[in-house]
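Below: one structure, written as structure tokens.
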Ligand SMILES: [Zn+2]
């Protein structure tokens, strides 16, 4: 009798496991995503499962130059570096978390203080947003954005992000190469890799003078309004189209390529954006932005995406799930740029899901 109970329990356990596995295969766990992914997961729907995303102090925003206020008190941000075990090299762990490429450092601490408050923040991780920056400056959108996420040393509920806008260029950013080179190893959700030839100090300056500052939120769910944003006016970080394509080979939890992972801009409402520098000639600044951003307005961006990127490949497992308003079609891979998009898939022709923006 005792053995029978054990056998029965084991049988029930196995069946439950099968049921769970089958359920997950046919109805993947819904989380959140971006506009090229499942329609029920797009940013406009985030607030349904994450109510804070509907808040009044959300990020990102469009920084309208003429509405910014010079904050004389905003001193340069100076990043301090501290070796944990005396090693010269930085060892970084790079992870595909299903939404972005996230980098954390193992043998270093980085700190910076906000002025004039003197609040000290410790570096937690940094990650990338691609095929469109999250923040705009005067309506201009850039190729992508790098976020350095910090937590207050004295109050764990407070965060500060330093954001760098990425400018698309026709040459590779050499300092990004150690990272970009291993992206093919972390294509799948949850995958990690270590790199020891990447240096944060080579990628960005540690003395940051020109930035915009405002109070906002995390740009991903739960959208908590706990972030002091420091968006760098300069430098812009260069990135080539090829390097962006490598970021686009990253897959989400359901095996979809992450073609873009930028949240649309949010209302400023009654917030004020301060700048740490005097703007003597905003007209010149606007001209500069137009040539630097690469993505000049939303219609250009849309046509670019429609032409080159508004197609994405479902993995073998996820291609069984057809979402409403999506059409499953057979598309032969023809052009060089398209084949780059599918470099993680080596079939001649694949099932792809075509979506409208
Ligand atoms: Zn971010």
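The values are calculated or read from the model by the stated rules, or taken from the named source; none is laboratory data. Everything numeric in this text was worked out from a predicted model, so none of it was measured. All Cβ positions, even for glycine, are placed from backbone atoms using ideal geometry, and neighbour counts span all protein chains on display.
Odds and ends about this structure:
- In region 127-138, the residues that are closer than 14 Å to residue 179 by Cα reach residues that are within 10 Å of the ligand (Cβ to nearest atom) and part of a strand (DSSP E or B) with C-beta atoms within less than 7 angstrom, at least six apart or across chains, in these pairs: 127/102; 127/147; 128/146.
- Taken together, the criteria place residue 72 among residues that are under 30 Å from residue 113 (Cβ atoms) and either modelled with pLDDT of 90 or more or surrounded by fewer than 15 Cβ atoms within 10 Å (Cβ to Cβ) (or both).
- If you go through region 230-244 and keep only what is farther than 18 Å from residue 262 by Cβ and in a loop (DSSP other than H, G, I, E, B), you end up with 233, 234, 235.
- Residue 186 meets each of the listed conditions (1) surrounded by fewer than 15 Cβ atoms within 10 Å (Cβ to Cβ); (2) under 17 Å from the mean Cα position of the chain (by Cα) apart from (1).
- Here is the figure for region 112-122: residues that are within 16 Å of the ligand (Cβ to nearest atom) and farther than 14 Å from residue 158 by Cβ total 0.
- Applying the condition of being without any contact (Cβ under 8 Å) to a residue 60 or more places away in the chain and either within 15 Å of the ligand (Cβ to nearest atom) or surrounded by 22 or more Cβ atoms within 10 Å (Cβ to Cβ) (or both) to region 148-177 and asking which residue is nearest to residue 241 (Cα to Cα) yields 148.
- Some residue of region 206-229 being touching a strand residue (DSSP E or B) at 6+ places or on another chain (Cβ under 9 Å), in contact (Cβ under 8 Å) with a residue 40 or more places away in the chain, more than 16 Å from the ligand (Cβ to nearest atom) and part of a helix (DSSP H, G or I): no
- Residues within region 100-117 that are part of a loop (DSSP other than H, G, I, E, B) and modelled with pLDDT of 95 or more, tallied: 1
- Just one of the listed residues (205, 235, 178) is in the same structural domain as residue 69 (by TED's automatic domain parsing) and farther than 26 Å from residue 113 by Cβ, namely 178.
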